[in-house]
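Only one structure is covered here, and it is reproduced in the block below.
The values are calculated or read from the model by the stated rules, or taken from the named source; none is laboratory data. All values reported here derive from a predicted model rather than from experimental measurement. Please note: Cβ atoms are built from the backbone with ideal geometry, for glycine as well, and neighbour counts cover all protein chains shown.
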Amino acid sequence: MNRRSFARLLAVLALIGAGWLVAAQDVRLPNAAASVKFAVIGDSGTGDRRQVEVADQMLRFHGKFPFDRVIMLGDNIYGAQGGQNFVTKFAQPYKGLLDAGVAFYATLGNHDSLDNRQYPLFHMGGERYYTHAMKNVRFFVLDTNELDPKQLAWFEGALKASRDQWKICYFHHPLYSDGARHGSDVNLRVALEPLLVAYGVNVVFSGHDHIYERLTPQKGIQYFVAGSAGSLRRGDLRRSAMTAAGFDQDNVFMLVEILDVDLSFQAVSRTGQVVDSGALHLPAPPRADHRPGRRSDSPRAAS
């Protein structure tokens, strides 16, 4: 090996080493042994190269941050539905995570067939809306394709019955979004926001806009749009005063960790770049004279 070839080899090894060091530092969460850990994907089911590359990044991060489950924000299967499509657009891309025992919990998007609620790996139990829980965290999953009175009554009852420390809600269409293609669904906000506020929901995740955005807290609730785990609408974010952070240049998934009264999060791109991170601290419980429908404080966010 001549001197030039040897120098090139050393340069390549240095780049590999540097890449490993960067990757090893990518998990900025506390990564505590006893915490609740989950990932978030939205608008994922394209079956194309970008979805696979996001899934590969998720598997790499799972090796350092062993999340137990993934919440899916809808549009889980684009195009043809059922049969082999569940393999090519879900089971195959996420095979490594599924083999590691990670469970996926889906909500339905406007591109999803209603029949997809029967798919066992989506853990919907045949229902359009349902709840699931991890330790001190309860997830409320809604179908915003058809938000009928029966679903709203169920949702209020489930919220009222919950004594969980953290209440997290997710559904497809965002109440708040600066995405140019769709943006905020104001009619949905009118129907849902009073319940979210009155019963102390802390965090809401939605997809539909194919971007990543963290909103400034609205009426005490932290909202995220994470609709680019498979489909991306590059340049679609139109920042406003309610944009706390956003990224529309590449596909994104999220990692979330909850430890007692603290929630930490980071958004990670298809290439492994951390594009947003921060933490929320649960405010103290309201005083006894605190009236329903109002909040004494908002989650404090640090990024």
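For region 127-147, enumerate the residues that are closer than 22 Å to H173 by Cβ and either among the charged types (D, E, K, R) or part of a loop (DSSP other than H, G, I, E, B) (or both).
From region 127-147, those closer than 22 Å to H173 by Cβ are 127-132, 138-147; that's our starting set.
Result: E127, R128, Y129, R138, L142, D143, T144, N145, E146, L147.
Go through T271, T216 for me and flag whichever is in contact with a strand residue (DSSP E or B) (Cβ under 8 Å, 6 or more places away or on another chain) and either among the hydroxyl-bearing types (S, T, Y) or modelled with pLDDT of 95 or more (or both).
Values: T271 fails: in contact with a strand residue (DSSP E or B) (Cβ under 8 Å, 6 or more places away or on another chain).
The match here is T216.
Somewhere in region 209-219, is a residue among the β-branched types (V, I, T), out of contact with any Leu (no Cβ under 9 Å at 6 or more places or on another chain) and in a loop (DSSP other than H, G, I, E, B)?
Step one: filter region 209-219 for residues among the β-branched types (V, I, T), giving 211, 216.
Then keep just the ones that are out of contact with any Leu (no Cβ under 9 Å at 6 or more places or on another chain); that gives 216.
With in a loop (DSSP other than H, G, I, E, B) added as a condition, the list becomes 216.
Yes, that holds for at least one residue.
G235 - would you say it is over 20 Å from R69 (Cβ atoms) and crowded, with 18+ Cβ neighbours inside 10 Å?
No.
Keeping to region 102-140, report how many residues are hydroxyl-bearing (S, T, Y) and closer than 16 Å to K89 by Cα.
4
Hey, could you check region 205-221 for residues that are hydroxyl-bearing (S, T, Y) and crowded, with 24+ Cβ neighbours inside 10 Å and say which is nearest to I168 (Cα to Cα)?
Out of the qualifying residues, it is S206.
Surrounded by 17 or more Cβ atoms within 10 Å (Cβ to Cβ), charged (D, E, K, R) and farther than 30 Å from T46 by Cα - does that describe any residue in region 191-204?
Yes.
Working carefully through the options R128, R138, find the one that is touching a helix residue (DSSP H, G or I) at 6+ places or on another chain (Cβ under 7 Å) and modelled with pLDDT of 95 or more.
Selected residue: R128, the only one of R128, R138 that is touching a helix residue (DSSP H, G or I) at 6+ places or on another chain (Cβ under 7 Å) and modelled with pLDDT of 95 or more.
Exactly one condition in (1) closer than 24 Å to H173 by Cα; (2) touching a residue at least 12 places away in the same chain (Cβ under 8 Å); (3) of a type outside the set (S, T, Y) is not met by A80; state its number.
Condition (2) is where A80 drops out.
So, H132, is that one out of contact with any strand residue (DSSP E or B) (no Cβ under 8 Å at 6 or more places or on another chain) and not aromatic (F, W, Y) or not? Break it down into steps so the answer makes sense when it comes.
Numbers: out of contact with any strand residue (DSSP E or B) (no Cβ under 8 Å at 6 or more places or on another chain): no; not aromatic (F, W, Y): yes.
It is false that H132 is out of contact with any strand residue (DSSP E or B) (no Cβ under 8 Å at 6 or more places or on another chain) and not aromatic (F, W, Y).
Among the residues of region 159-190, count how many are in contact (Cβ under 8 Å) with a residue 12 or more places away in the chain, surrounded by fewer than 18 Cβ atoms within 10 Å (Cβ to Cβ) and aliphatic (A, V, I, L, M).
Summing the residues that are in contact (Cβ under 8 Å) with a residue 12 or more places away in the chain, surrounded by fewer than 18 Cβ atoms within 10 Å (Cβ to Cβ) and aliphatic (A, V, I, L, M) in region 159-190 gives 1.
Consider A229 carefully, then state whether it is of a type in the set (A, V, I, L, M), more than 21 Å from G109 (Cβ to Cβ) and assigned to a loop (DSSP other than H, G, I, E, B). Before you say what the answer is, go through the steps one by one.
Numbers: of a type in the set (A, V, I, L, M): yes; more than 21 Å from G109 (Cβ to Cβ): no; assigned to a loop (DSSP other than H, G, I, E, B): yes.
For A229, the condition - of a type in the set (A, V, I, L, M), more than 21 Å from G109 (Cβ to Cβ) and assigned to a loop (DSSP other than H, G, I, E, B) - is not met.
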